[in-house]
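Here's the structure we're looking at; comments come further down.
The values are calculated or read from the model by the stated rules, or taken from the named source; none is laboratory data. Remember, predicted model here, so these are calculated numbers, not experimental data. Here the Cβ positions follow ideal geometry from the backbone for every residue, glycine too, while neighbour counts run over all protein chains shown.
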DNA sequence: CTCATACCTTACTCTCTGGTAAGTTTACTT
DNA sequence: AAGTAAACTTACCAGAGAGTAAGGTATGAG
């Protein structure tokens, strides 16, 4: 009725730039993760953010720029989540790794979109995107590798072979975690922590025994 | 010069449909894997296959149809490669799993494009594509799961808990293998079999000990 | 009240690309 | 040699979607 009171369907509120930017990135992460970079349509992102397309270009210059902003923010979030969880856990490396893994699963389960944007994009869209994705993945992997490495050096006495091995294990671990994510979707019955616990059981015990000399070779039993 | 002798630059040979179809799929797998489904351009695929665009549509009806054909062929190839390697290895489940894993790595290393098309595509492009990718992944996972399951039942005496567990392990394993693929690219020095051996060491020993009762729990050392 | 500024929109343009119409050429059969 | 079917092409259309021009409107400062 009134002219001052806004129609409730369309709040049409005007919002400061910093807030709107956040909303746009929120929307963009969702659409990018659902459709993929190329198939994502800027108009849809804008609508989801409650504004019109030119605003997106005013704030982010281009679709590519918007995507880069998404990747940067989500990578930072994930790395922080992981690091903080590990730090909070304190104590032994394996407890810290377990806390980190659990946090990772919680993140991927709760903020599926973020993970998809970070990890399941064809990086071959442009030079800038490839670079940003590489940097993002490097950041996340560095956190995981650090934890794994401390676990290894804890067991083998600071051998420098550890760094190399830790990188391998970290990659395998993150890949496994990512894949298990899919599996969890088809088994919503099993508890969320179950996955991280299972992985820890497999990987950690395996790793410990390997470091203790319990190797497996093709011709062994 | 001659009219009969073809110019060597452009053989322009006419080729039977079945052969041309194979060439088109070859080209398509390459371009799809490099650019992703949406960013891949049919003209480029056609040129790479040595023909013009309408031929692609004559043989495959649509871009979507072409992609489905790619996925179908590569999934079949990978599953066969895996199964045959395992069969050839014979013997104990772990030897078969190791042979399968090695074959998998060889496949991914040698035919990177195929794997990328199968596993790193956003399945949200269309209903048909999502269905085909799901089916393809199901096929591949079934092979791996079968091997893992036989390994588990070999150790625990045919418990039916195994099926559930095997699926988890198989997913984790394939995810790890996929991720390790990236790692291998940055470490071309380490032998190709090294990766599968490392994974076997981690996963198999871990799994064996877990089945033997050696669980890990948050509060344990 | 006015005015400056920051927020926001409608209504385009222009390129890229999936898909097709209409016809041409080769090679095999009879 | 003629006929015919399969292989192949050039040249086009139509829609989608990235990016922009030009201007409208709320809101806080003076």
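Taking the range B:1-38 on its own, how many of its residues are farther than 17 Å from residue B:114 by Cβ and modelled with pLDDT of 95 or more?
7
Among the residues of the range B:155-167, is there at least one that is within 22 Å of residue B:205 (Cα to Cα), touching a helix residue (DSSP H, G or I) at 6+ places or on another chain (Cβ under 6 Å), away from every other protein chain (no Cβ under 14 Å) and surrounded by fewer than 18 Cβ atoms within 10 Å (Cβ to Cβ)?
Scanning the range B:155-167 turns up at least one residue that is within 22 Å of residue B:205 (Cα to Cα), touching a helix residue (DSSP H, G or I) at 6+ places or on another chain (Cβ under 6 Å), away from every other protein chain (no Cβ under 14 Å) and surrounded by fewer than 18 Cβ atoms within 10 Å (Cβ to Cβ).
Conditions: (1) within 15 Å of DNA strand C (Cβ to nearest atom); (2) more than 13 Å from chain A (Cβ to nearest Cβ); (3) surrounded by fewer than 16 Cβ atoms within 10 Å (Cβ to Cβ). Residue B:41 meets all but one. Number of the miss?
(2)
Got a number for residues in the range B:50-64 being outside any helix (DSSP H, G or I) and more than 9 Å from DNA strand D (Cβ to nearest atom)?
2
Give the residue, chosen from A:77, A:83, A:138, A:111, that is within 14 Å of another protein chain (Cβ to nearest Cβ) and more than 16 Å from DNA strand C (Cβ to nearest atom).
After applying the criteria, what remains is A:138.
Would you mention how many residues in the range A:168-211 are at the interface with another protein chain (Cβ under 7 Å from one of its Cβ atoms) and not in a helix (DSSP H, G or I)?
Of the residues in the range A:168-211, 0 are at the interface with another protein chain (Cβ under 7 Å from one of its Cβ atoms) and not in a helix (DSSP H, G or I).
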